[in-house]
Amino acid sequence: MSTQFLSKLSQNYIELLEDNEYYDITIEVGEDPDVKIFRAHINILCYRSPYLRRTLTSSKKNKDNVL
């Protein structure tokens, strides 16, 4: 692979991570009123973290589609 291709691919991933439109999972951390919300992509979380892969794929969602 060329260095130029890898550089562009890395840039595309950075843009994907910064994109607030196409995320497919929201993680809320903390308790009211101090809640921090993180928007993420489940595929990236699962491939980058074995713990999150186990947690996200084995957990059952409730009727509101919340884990």
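A compact table of results
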{"item": "Rounded tilt (10° steps) of 3-18 against the dominant C-alpha axis of the chain", "result": "20"}
{"item": "Whole-percent carbon and sulfur share, accessible surface of the chain, 1.4 Å", "result": "52"}
{"item": "Cα Rg, Dmax, the chain, angstrom units", "result": "15.1, 48"}
{"item": "Segment Thr3-Thr57, length gained on full extension (0.36 nm per residue, minus Cα span)", "result": "16.0 nm"}
{"item": "Magnitude of the charge dipole, the chain, Cβ model with Lys/Arg +1 and Asp/Glu -1, debye to 20", "result": "500"}
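The values are calculated or read from the model by the stated rules, or taken from the named source; none is laboratory data. Since we're looking at a predicted model, the values are computed, not measured. Positions of Cβ are backbone-derived with ideal geometry, glycine not excepted, and every protein chain shown enters the neighbour counts. The area values use the complete protein model at the heavy-atom level, side chains included, leaving out ligands, DNA and RNA. Shrake-Rupley method; radii C 1.70, N 1.55, O 1.52, S 1.80 Å.
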